[in-house]
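Below you'll find the structure, written out as structure tokens, and then a few comments.
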Amino acid sequence: MARQRKPQDVSVLHGHHVVTGQELRATFEANRNADDTARVRRRVLHGIVLVLLIGLIAAGIITALAIINGKFSIPTAEPAPKAATACPSATYDYTPNEQVNLNVYNSTSRPGLARTAADEFLARKFVVGAVANTEAGYRGVAAVISGAAGQSAAFTVQRNLPGSDYFQDGRQDGSVDVILSQDYRSLAPPELVDQTPGTLSCPRESRRVADDDLWPVMPSAAPGS
């Protein structure tokens with residue numbers, strides 16, 4: 001009896017798989033989908049880049065218009081401003097003692113110092129108001145303080161208080177404050193007081209207020225003097 005032959009597999013030829021039309025179409029479809037996806041991604045990327053470029057151009061135009069209109073300025077390196085001096089440069093005449101109203105304060109630990117100095121000013125016909133203790137960051141002989149209206153009177157006080165330093169505050173009247181510090185010893189002898197015109201004596205850097213929190217020197221009266 002003759003042996004029956006196996007049906008031949010049409011999908012295999014000489015040991016190789018034969019691609020069918022259906023498989024070929026499926027491959028083309030997959031490649032087309034991949035191309036479409038890549039094309040969409042490229043379009044999205046191009047769109048993002050375009051939007052960013054448009055935004056940068058718009059920002060540049062707005063900034064340029066702001067600079068032209070003076071609404072925006074480009075910072076440039078400028079030299080630091082020179083420190084302004086607080087010392088008046090005017091020349092003052094000696095004000096008669098009896099026209100000077102002053103307050104005397106003691107910022108030292110020496111009891112009765114303000115009272116003793118106030119009595120000496122009174123003996124020279126100065127008009128003395130407050131006499132008290134105070135706390136101040138000033139270190140030196142004495143701080144002489146007034147507003148702009150009292151600078152001539154402060155000049156007279158300084159001529160009687162050699163070595164004192166002048167400070168200006170915001171008061172509106174012509175009164176003068178004297179704050180005695182640790183280096184104070186006494187007033188100048190009356191016969192040696194120079195009454196010729198001159199300028200106020202302001203502190204050297206080493207004699208400025210030691211504690212910035214206490215600047216400017218503002219008397220804060222305490223019991224006793």
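The values are calculated or read from the model by the stated rules, or taken from the named source; none is laboratory data. Remember, predicted model here, so these are calculated numbers, not experimental data. No Cβ is skipped: glycine too gets one built from the backbone with ideal geometry, and neighbour counts run over all protein chains shown. Just the protein is used for accessible areas: all its heavy atoms, side chains included, with ligands, DNA and RNA removed. Shrake-Rupley method; radii C 1.70, N 1.55, O 1.52, S 1.80 Å.
Can you spot a residue in segment 190-199 that is surrounded by 18 or more Cβ atoms within 10 Å (Cβ to Cβ), in contact (Cβ under 8 Å) with a residue 12 or more places away in the chain and not aromatic (F, W, Y)?
No, segment 190-199 contains no residue that is surrounded by 18 or more Cβ atoms within 10 Å (Cβ to Cβ), in contact (Cβ under 8 Å) with a residue 12 or more places away in the chain and not aromatic (F, W, Y).
Give the residue that is nearest to the chain's Cα centre (by Cα), with candidates limited to residues of segment 102-133 that are farther than 16 Å from A188 by Cα and among the hydroxyl-bearing types (S, T, Y).
Checked segment 102-133; the qualifying residue nearest to the chain's Cα centre (by Cα) is S107.
Give segment 85-106 a look and list any residue that's open to solvent by 20 Å² or more (accessible area, probe 1.4 Å), of a type outside the set (D, E) and modelled with pLDDT of 95 or more, or say none.
Selection gives T91, Y92, Y94, T95, P96, N97, Q99, N101, N103, Y105.
Kindly indicate whether any position in segment 137-144 is among the β-branched types (V, I, T), modelled with pLDDT of 95 or more and touching a strand residue (DSSP E or B) at 6+ places or on another chain (Cβ under 6 Å).
yes
Given the conditions (1) open to solvent by 100 Å² or more (accessible area, probe 1.4 Å); (2) more than 34 Å from the chain's Cα centre (by Cα); (3) modelled with pLDDT of 70 or more, report the number of the one that I68 does not fulfil.
(2) is the only condition that I68 fails.
Among the residues of segment 173-182, count how many are open to solvent by 10 Å² or more (accessible area, probe 1.4 Å) and either modelled with pLDDT under 95 or of a type in the set (G, A, S) (or both).
Residues that pass the stated criteria total 3.
When the residues of segment 153-172 are narrowed to those that are under 18 Å from P197 (Cα atoms) and of a type in the set (G, A, S), which ends up most open to solvent (accessible area, probe 1.4 Å)?
Taking the candidates together, the pick is G163.
Of all residues in segment 134-152 being of a type in the set (G, A, S) and open to solvent by 10 Å² or more (accessible area, probe 1.4 Å), which is farthest from the chain's Cα centre (by Cα)?
Ranking the qualifying residues of segment 134-152, first place goes to S152.
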